[in-house]
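Chemist: The structure follows.
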Amino acid sequence: MISMKDFAISKNVILTPYLAVVLKDIKTGVIADLHIGMEETSMISTRLQTVEMTRKTRELIVKHKLERIVLNGDLKYSFGKRTRQEWDELANYAEDIQKLAEVVAIKGNHDFYIQNMLKGAEVKELFKIKKYRITHGNLDLKPEKNILTIIGNEHPMIKMRDEVGAKFEASVFVHCKKENVLVLPAFNPLSRGANILNEGEWLSPILSKCDMGSSEIYAIADDEVVELGKLKKLSRLVG
């Protein structure tokens, strides 16, 4: 297993290079936006992403001794009927992970028919446990300062240049510290998303209630989570 360097934003909330957050006190890992079936729908010839995501999920569970994995929305890629790749690979992925940990699945805006595809997994739109609530991001919720809200949906990433002109591109975590909201990067490496340094609207209703300029950005680079600072201070480095 490659050495990975995590970043703790609090005693129990650990950002990991696996594109996942670990909640230590409840032995739970959360990942978002697997988009299984993307290769078939997008006519991509190689179909290795689910194998790689399975490997990464298993490593995450073993390294952090997790008892639960929450799949936070958009487990499948297509909006309409399930495809053959989605049916086969999503079921196999969940079955493989369930050998190591409990699986809770959160329905995202892509996840029609998902109850029939995940045997033995609990399927919800919102999962609340202790001081956490986990939802994909399409629900219109208000931030709660005493409860960490964890969402996906946005596929946050950055493209920027440093002071000497070198380019940097990475998936990122976005932590709205004041409002206690954490946005996860997409777990599927093909789902890179839009550059959050370019001004534009956020997809998730809860983020319209947050001061996004003051959010803290953490990038995944070279198997390490790196603190980059506030979003508004990074915008001048757009690549």
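Chemist: If you scan segment 195-216, which residues turn out to be in contact (Cβ under 8 Å) with a residue 60 or more places away in the chain and in contact with a helix residue (DSSP H, G or I) (Cβ under 9 Å, 6 or more places away or on another chain)?
Modeler: Within segment 195-216, just Glu216 meets the criteria.
Chemist: Which condition number in (1) modelled with pLDDT of 80 or more; (2) more than 15 Å from the chain's Cα centre (by Cα); (3) crowded, with 16+ Cβ neighbours inside 10 Å; (4) not aliphatic (A, V, I, L, M) is the one that Asn138 fails?
Modeler: If we test Asn138 against (1) modelled with pLDDT of 80 or more; (2) more than 15 Å from the chain's Cα centre (by Cα); (3) crowded, with 16+ Cβ neighbours inside 10 Å; (4) not aliphatic (A, V, I, L, M), just (2) comes out false.
Chemist: Please find, within segment 76-100, the residue that is modelled with the lowest pLDDT out of those that are in a loop (DSSP other than H, G, I, E, B) and in contact with a helix residue (DSSP H, G or I) (Cβ under 6 Å, 6 or more places away or on another chain).
Modeler: Looking at residues that are in a loop (DSSP other than H, G, I, E, B) and in contact with a helix residue (DSSP H, G or I) (Cβ under 6 Å, 6 or more places away or on another chain), I get Ser78.
Chemist: Can you name the condition, by its number, that Val70 falls short on among (1) at pLDDT 95 or above; (2) part of a helix (DSSP H, G or I); (3) hydrophobic (A, V, I, L, M, F, W, C)?
Modeler: (2)
Chemist: Among the residues of segment 25-34, which ones are of a type outside the set (S, T, N, Q) and within 19 Å of Arg58 (Cβ to Cβ)?
Modeler: Lys27, Gly29, Val30, Ile31, Ala32, Asp33, Leu34
Chemist: Within the set of pairs 6 or more residues apart or between chains, which connect a residue that is acidic (Asp, Glu) inside segment 5-31 to a residue that is not in a loop (DSSP other than H, G, I, E, B) with Cβ atoms less than 7 Å apart?
Modeler: Filtered contacts from segment 5-31: Asp6/Ile14; Asp6/Leu15; Asp6/Thr16; Asp6/Val225.
Chemist: Continuing with this model, one more query. In the set Ile206, Ile217, which member is assigned to a strand (DSSP E or B) and not basic (Lys, Arg)?
Modeler: Ile217
Chemist: Testing Val172 on (1) under 21 Å from Val70 (Cβ atoms); (2) out of contact with any strand residue (DSSP E or B) (no Cβ under 8 Å at 6 or more places or on another chain), one condition comes back false. Which one is that?
Modeler: All conditions are met except number (2).
Chemist: If you don't mind, another one. Considering only residues of segment 27-55 that are assigned to a helix (DSSP H, G or I) and crowded, with 16+ Cβ neighbours inside 10 Å, which is modelled with the highest pLDDT?
Modeler: Only one residue fits best here, namely Thr54.
Chemist: Please find, within segment 156-167, the residue that is surrounded by the most Cβ atoms within 10 Å (Cβ to Cβ) out of those that are at pLDDT below 80 and outside any loop (DSSP other than H, G, I, E, B).
Modeler: By that ranking, first place goes to Met160.
Chemist: Can you tell me which residue in segment 195-216 is surrounded by the fewest Cβ atoms within 10 Å (Cβ to Cβ), limited to those that are of a type in the set (A, V, I, L, M, F, W, C) and under 17 Å from Lys167 (Cα atoms)?
Modeler: The extreme case among them is Leu197.
Chemist: With respect to Val174, determine if the residue is part of a strand (DSSP E or B), modelled with pLDDT of 95 or more, out of contact with any Leu (no Cβ under 6 Å at 6 or more places or on another chain) and hydrophobic (A, V, I, L, M, F, W, C).
Modeler: Yes, satisfied.
Chemist: So which residues in segment 108-128 are in contact with a helix residue (DSSP H, G or I) (Cβ under 6 Å, 6 or more places away or on another chain) and modelled with pLDDT of 75 or more, if there are any at all?
Modeler: If the condition is that a residue be in contact with a helix residue (DSSP H, G or I) (Cβ under 6 Å, 6 or more places away or on another chain) and modelled with pLDDT of 75 or more, then Ala121, Val123 are the ones that fit.
Residue-by-condition table, conditions (1) acidic (Asp, Glu); (2) not in a strand (DSSP E or B):
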residue	(1), (2)
Asn138	no, yes
Thr149	no, no
Glu169	yes, no
Arg192	no, yes
Glu199	yes, yes
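Chemist: Taking the stated definitions as given, is Val238 of a type in the set (Val, Ile, Thr) and modelled with pLDDT of 90 or more?
Modeler: It is false that Val238 is of a type in the set (Val, Ile, Thr) and modelled with pLDDT of 90 or more.
Chemist: Kindly indicate whether any position in segment 181-194 is surrounded by fewer than 21 Cβ atoms within 10 Å (Cβ to Cβ), without any contact (Cβ under 8 Å) to a residue 12 or more places away in the chain and not polar (S, T, N, Q).
Modeler: no
The values are calculated or read from the model by the stated rules, or taken from the named source; none is laboratory data. Given the structure is predicted, the values throughout are model-derived calculations rather than measurements. Using ideal geometry, Cβ is built from the backbone for each residue, glycine included, and neighbour counts are taken over all protein chains shown.
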